[in-house]
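Okay, so here's the structure we're looking at.
The values are calculated or read from the model by the stated rules, or taken from the named source; none is laboratory data. Fair warning: this is a prediction, and the values are worked out from it, not measured in the lab. With ideal geometry, Cβ positions are generated from the backbone for all residues, glycine too; neighbour counts draw on all protein chains shown.
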Amino acid sequence: MTWNPELYNQFKAERSQPFYDLVNLIEPRPNLKVIDLGSGTGELTSTLVSVLPGCSVLGIDTSKEMLAKAEIFSNSQVRFEFGSQENLAGQWDLIISNAALQWSDNHSNLFPKIFEHLNENGQLVIQIPSNHNSRFHQVIREVSQLEPFSTRLGGYTRTSPVLTIEEYTDLFYHLKARDLLVFEKIYPHVLSDVDQVIQWLSGTALLPYLDRLGELKQEFVESIRSSLHQSNPEKPLFYPFKRLFISAKK
């Protein structure tokens, strides 16, 4: 997918708070070897050095656009590389991922593979958006099945790989994880109107559709906008955003 860092950062404050909540789950220890899966523009990744004394941090991402923005945050403790979270290499004391693993499929297989890359006594902390069943995402799926979009998409509709909190808990229990914590939290965002929701979605959930639609991109977005305006006329608009958190130690 083609990421737009400026569009993504239009809601910088709202997207940042879950990262800080995730960091609060970390058990600080000195000199940790840390990797951030899906480090994006790197600004949040770079803050880890202020809470983890003596740590070394590698941020990986598959977006060259995001990595170009991240380079400014590189220093003696923090560096960034092109890399895939599905093909993680090396051994780490802390593996962190904030709003990235929802883009990878088959979590039942992926998460055990990631967990294998923890050193003994290492910790995995993950935040994943889990609002894929919200009314806003339902409209995206419904419009994608209409013509002319369905034909251009080849019938594609994005299916979220995100499991339930019960399924993640069971998965990590069978991996013999210690101090396991799995929970969901709803962030109660209040946006000005549907148009602002569209701006939010254009930086994330709409991307896999827009990449496939060519000259139909704008028509697709306008169809979603029209549908959402009809069902959500209120101003300001309440936009509850559910996110899933996992902390597990090896």
Scan of the stretch 49-58 for residues that are in contact with a strand residue (DSSP E or B) (Cβ under 9 Å, 6 or more places away or on another chain) and either farther than 13 Å from S76 by Cα or of a type in the set (S, T, N, Q) (or both), ordered by number:
L52, S56
Can you run down the residue pairs with Cβ atoms below 8 Å, 6 or more apart or on separate chains, where the first is in the stretch 147-163 and more than 22 Å from S104 (Cβ to Cβ) and the partner is buried (at least 16 other Cβ atoms within 10 Å of the Cβ) and of a type in the set (A, V, I, L, M, F, W, C)?
P148/L216; F149/V143; F149/L213; F149/L216; F149/F220; R152/L213; R152/L216
Just checking, does the stretch 215-232 include any residue being on the phi > 0 side of the Ramachandran plot and acidic (D, E)?
no
Yes/no for V162 being surrounded by 14 or more Cβ atoms within 10 Å (Cβ to Cβ), at pLDDT 95 or above and in contact with a Phe, Trp or Tyr (Cβ under 6 Å, 6 or more places away or on another chain)
no
Based on this model, can you work out whether L237 counts as aliphatic (A, V, I, L, M) and in contact with a His (Cβ under 8 Å, 6 or more places away or on another chain)?
no
Cβ contacts < 6 Å: first residue in a helix (DSSP H, G or I), restricted to the stretch 55-84; second residue hydrophobic (A, V, I, L, M, F, W, C), any location; separation 6+ or different chain. Result?
E65/W3; M66/W3; L67/F80; A70/F80
Count - residues of the stretch 21-35 that are touching a Leu at 6+ places or on another chain (Cβ under 7 Å) and under 8 Å from V57 (Cα atoms):
2
Only one of these conditions is not met by S104: (1) small (G, A, S); (2) more than 25 Å from F245 (Cβ to Cβ); (3) touching a helix residue (DSSP H, G or I) at 6+ places or on another chain (Cβ under 6 Å). Which number is it?
(2)
Looking at the stretch 90-106, which of its residues are hydrophobic (A, V, I, L, M, F, W, C) and over 20 Å from the mean Cα position of the chain (by Cα)?
W92
Is there a residue being surrounded by fewer than 20 Cβ atoms within 10 Å (Cβ to Cβ) and either hydrophobic (A, V, I, L, M, F, W, C) or closer than 30 Å to V194 by Cα (or both) anywhere in the stretch 124-132?
yes
